[in-house]
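*Asks:* There's a structure below that I have some questions on.
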Amino acid sequence: MSRLPLALKIFLSLIVGVCLILSRMDSIWSGSPDLAHHYALVARIAEHWFLPATFDQTLGEMNFYPRYSHIAAALVGSLFGSPLIGLQLVSLIAVLILWAGFIAILVSLPRHLSLPSALFFVGALCLNKLFLHANLLFHGSEIVDNFFFSQLVAQSLAVLLLAMTLGIERSGWTPVKRNLVLAVCILPMTEVHLLPTLEILGVLVGLVMLDFMVIEGTERRSWKKFLIGMLIVIGATLGVVLNPDFAVMKDIATNNGGLALPYFQKVGRFGWLAAFVMAFSSALIFVWWKTEDRDKWDYMPIKYIGLYGVSVGLLCILQFVALRFGLGSEYAVKKYVFGIETILLLEIAIFAALVFRSLFRKWLDSRKLADSLGGFLMILLLTSGCYYCSLPYNSTKAFDTSDLVSLERQIRSIRDTVLPNLPNKDDIVLDMPGFPTSVNYMLSIGLLKTPRDLAARILTAPQPSDLAKIGSIVAAEGSPYNIPECRRLSLRSSLVLLDGGCVADRKAR
């Protein structure tokens with residue numbers, strides 16, 4: 001059977017990808033302040049493109065946060081006239097790329113391993129969603145409840161790099177060229193998020209070590225190649241560590257945010273899971289190492305999955321050890337949960353396929369899945385299954401993207417047309433109907449440029465003294481702040497513009 005044309009593969013992938021993204025585009029599953037902070041940075045980049053050197057009180061630590069993912073969201077948002085659309089669209093594209101990368105690695109195994117392991121993997125993801133209520137936090141959960149936007153985007157790049165490096169090695173590139181390409185690709189990832197960057201850096205270290213340890217056929221161990229590989233590792237490590245964003249993310253890691261782990265109330269137990277993943281990954285690498293030389297090429301995906309697992313597990317353990325010495329936070333340890341649980345499931349799927357490979361070999365030939373139309377459609381189906389099973393149902397969303405975009409555009413229109421510019425006064429959004437307080441906070445700091453500390457105080461425990469610092473309040477008509485004598489303007493959108501000083505005076509009485 002002739003191979004499927006590349007143009008047809010790209011066309012089918014684009015059609016399926018667009019449908020998948022549109023199916024979840026109108027759902028936001030997080031009301032976290034993280035959403036507000038990432039939104040504010042995207043909105044500010046879309047407005048200025050180059051942030052001023054002075055400290056912006058509306059951004060807080062986002063003044064220094066790695067921003068490549070936010071630049072991408074700002075670019076996409078500019079096409080649609082909404083920073084929020086850019087943020088949501090880039091998030092969903094990242095989820096899709098991440099699962100497509102993992103499925104691409106699985107299906108590159110011999111067919112008697114690839115199809116069973118991929119089916120087991122997708123099936124387990126679906127069982128987690130249907131029967132465990134998504135309590136196992138696989139990738140995609142980064143934007144559910146919490147909103148770890150940059151980490152998700154960087155994680156998708158990490159998986160993409162993993163699949164790309166596997167393809168490069170299988171194409172016959174020398175280890176030096178392969179390692180050099182990977183090292184160069186690692187460097188800009190620091191500008192997205194540090195955690196996935198370190199994971200891929202760990203994979204690079206593992207590749208150099210394996211290149212030296214695994215000798216095929218009559219090939220002799222080369223200290224020269226090992227030295228070159230270590231120089232590449234050192235160069236990549238220095239490029240990451242000396243990047244200013246490394247110090248920023250190191251400081252942010254000390255903040256102990258909220259992230260619930262359903263089955264690991266104590267972070268120490270999660271540390272044991274990371275150790276198990278590291279040991280299991282090492283065992284998979286050993287399985288690949290002990291295969292005959294002629295089979296190592298076919299089983300190469302096992303090496304890459306194993307190296308990735310060792311890297312994720314080891315980094316999590318090191319973060320846990322640092323916590324014991326008073327460095328970092330439990331939050332920094334917990335943020336490895338998405339990678340730890342995903343890689344464990346992936347490796348269990350591969351292990352199950354290996355155990356029963358003799359059974360599967362009887363009814364599956366060695367033809368690659370992508371060789372035929374049916375096989376390629378199976379790959380698209382598997383990727384779609386991962387995508388849907390890693391994201392919640394639309395019915396469980398916190399709010400509609402379209403409703404929030406509509407409100408976003410109304411607030412921006414008010415800001416640009418009728419909002420008075422009062423000296424030494426800030427403006428704020430209050431009591432938007434149908435939305436949580438975090439949305440008021442998001443629109444305040446993102447569009448009206450309210451200082452973060454002031455916005456947080458007013459929205460959590462409003463005091464007349466804080467309201468007196470406000471020039472104008474944008475609120476809904478039904479808001480308790482809608483005092484008739486304080487009304488500056490009633491808008492067609494059922495919003496009102498209020499005098500902040502007047503409201504503060506009436507509330508103080």
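*Asks:* Taking 8 Å as the Cα distance limit and 6 or more residues as the minimum spacing, I'd like the relative contact order of the chain as a percentage.
*Replies:* Values: 732 pairs, mean separation 111.5, N = 509.
Computed over the chain, the figure is 22 percent.
*Asks:* Here is a further query. Okay, which of the stretch 248-270 sit inside 20 Å, backbone N to the point 7 Å along the Cα-Cβ direction of Phe55?
*Replies:* Within reach of a label on Phe55, which here means backbone N under 20 Å from a point 7 Å along Cα→Cβ, the stretch 248-270 contributes 248-256.
*Asks:* Oh, and also: Taking the 0 to 90 degree range and rounding to the nearest ten, how far is the long axis of helix 175-189 tilted relative to the main principal axis of the chain, both from C-alpha atoms?
*Replies:* It works out to around 10 degrees.
*Asks:* Please compute the length gained on full extension between Met209 and Tyr393, using 0.36 nm multiplied by the number of residues separating them and subtracting their Cα-Cα distance. Please list the in-between numbers first.
*Replies:* Details: separation 184, 0.36 × 184 = 66.24 nm, distance 4.32 nm.
Working it through step by step, the gained length comes to 61.9 nm.
*Asks:* If you don't mind, there's one more thing I want to ask. Write down the percent of antiparallel bridges among all DSSP beta bridges whose residues are both part of the chain, to the nearest 5.
*Replies:* Numbers: 10 of 16 bridges.
Percentage antiparallel, nearest 5: 60.
*Asks:* Can you tell me the 0 to 90 degree angle between the C-alpha axis of helix 373-390 and the longest principal axis of the chain, rounded to 10?
*Replies:* 50
*Asks:* Between Leu75 and Asp400, with labels modelled 7 Å along Cα→Cβ, what's the label distance in nm to one decimal, could you check?
*Replies:* Calculated label separation equals 3.1 nm.
*Asks:* While we're on this one: Work out the FRET efficiency for Lys507 and Arg170 from their Cβ-Cβ distance, taking R0 = 56 Å, and round it to the nearest 0.05.
*Replies:* Numbers: r = 68 Å, r/R0 = 1.22.
The computed FRET efficiency comes out at 0.25.
*Asks:* Given the pairs Lys224/Lys303; Lys177/Lys224; Lys9/Lys290, which span a C-alpha to C-alpha distance of over 25 angstrom in this model?
*Replies:* Lys9/Lys290
*Asks:* Mind listing P(r) for the stretch 402-466? All alpha-carbon pairs, 5 Å bins, whole percents.
*Replies:* The calculated distribution, bin by bin, is 4, 17, 30, 25, 17, 7, 1, 0.
*Asks:* Can I ask one more? So, R0 is 30 Å and r is the distance between the beta-carbons of Asn135 and Phe276; what FRET efficiency does that work out to, to 0.05? All intermediate terms of the calculation are to be shown ahead of the outcome.
*Replies:* On the way: r = 18 Å, r/R0 = 0.61.
For Asn135 and Phe276, the calculated efficiency is 0.95.
*Asks:* Output needed for the stretch 422-509: three equivalent-ellipsoid semi-axes, defined as square roots of 5 times the C-alpha gyration tensor eigenvalues, in descending order, whole Å.
*Replies:* Details: eigenvalues 55, 51, 30 Å².
One finds semi-axes of 17, 16, 12 Å for the stretch 422-509.
*Asks:* Would you mind telling me the share, in percent, of accessible area of the stretch 128-267 contributed by carbon and sulfur at probe 1.4 angstrom?
*Replies:* On the way: 4420 of 6510 Å².
Carbon-and-sulfur percentage of accessible area, whole number: 68.
*Asks:* On a 1.4 Å probe surface of the protein chains, which of Arg488, Arg67, Arg269 comes out largest in accessible area, and what is the full order?
*Replies:* On the way: Arg488 90, Arg67 60, Arg269 130 Å².
From most exposed to least exposed: Arg269, Arg488, Arg67.
*Asks:* Also, I was wondering about something else. Express in whole angstrom the spacing between the alpha-carbon centres of the stretch 231-252 and the stretch 120-135.
*Replies:* Value for the Cα centre distance between the two parts: 36 Å.
*Asks:* Determine the gain in length on full extension of the stretch Val267-Leu373; use 0.36 nm per residue of separation and subtract their C-alpha separation, reporting nm with one decimal. Walk me through the intermediate numbers first.
*Replies:* Working: separation 106, 0.36 × 106 = 38.16 nm, distance 4.64 nm.
Answer, rounded to one decimal: 33.5 nm.
*Asks:* May I pose another question? Run through the DSSP bridge list for the stretch 411-509 and note the antiparallel percent, rounded to the nearest 5. Each step should come with its number before you reach the end.
*Replies:* Working: 8 of 13 bridges.
Looking only at bridges with both residues in the stretch 411-509, the antiparallel portion is about 60 percent.
*Asks:* Using only Cα atoms and rounding to the nearest 10 degrees, what angle (0 to 90) does helix 149-170 make with the longest principal axis of the chain?
*Replies:* 20
*Asks:* While we're here: Quick check for you: which residues of the stretch 448-465 have the amide N under 17 Å from the point 7 Å beyond the Cα of His48 toward its beta carbon?
*Replies:* Output list for this probe position: 448-453.
*Asks:* While we're on this one: Counting just the Cα atoms, what span does the stretch 48-94 cover along each of its three principal axes? Round to the nearest Å and put the largest first.
*Replies:* The Cα atoms of the stretch 48-94 stretch 31, 20, 15 Å along their principal axes.
*Asks:* Sticking with this structure for a sec: Under 17 Å from a label point 7 Å along Cα→Cβ of Phe226: give me every residue in the stretch 164-204 with its amide N that close.
*Replies:* Backbone N within reach: 175-176.
*Asks:* Kindly report the accessible area of the chain per residue (heavy atoms of protein chains, probe 1.4 Å, no ligands, DNA or RNA), in Å².
*Replies:* Values: 22480 Å² over 509 residues.
Roughly 44 Å² per residue, with all protein chains present.
*Asks:* Please work out the Cα center distance from the stretch 1-64 to the stretch 293-337, rounded to the nearest Å.
*Replies:* Each part's Cα centre sits 26 Å from the other's.
The values are calculated or read from the model by the stated rules, or taken from the named source; none is laboratory data. What you see is a predicted model, and the numbers here were worked out from it, not measured in a lab. Backbone-built Cβ (ideal geometry, glycine too); neighbour counts: all protein chains shown. These area figures cover heavy atoms from the full protein model, side chains too; ligands, DNA and RNA do not enter into them. Shrake-Rupley method; radii C 1.70, N 1.55, O 1.52, S 1.80 Å.
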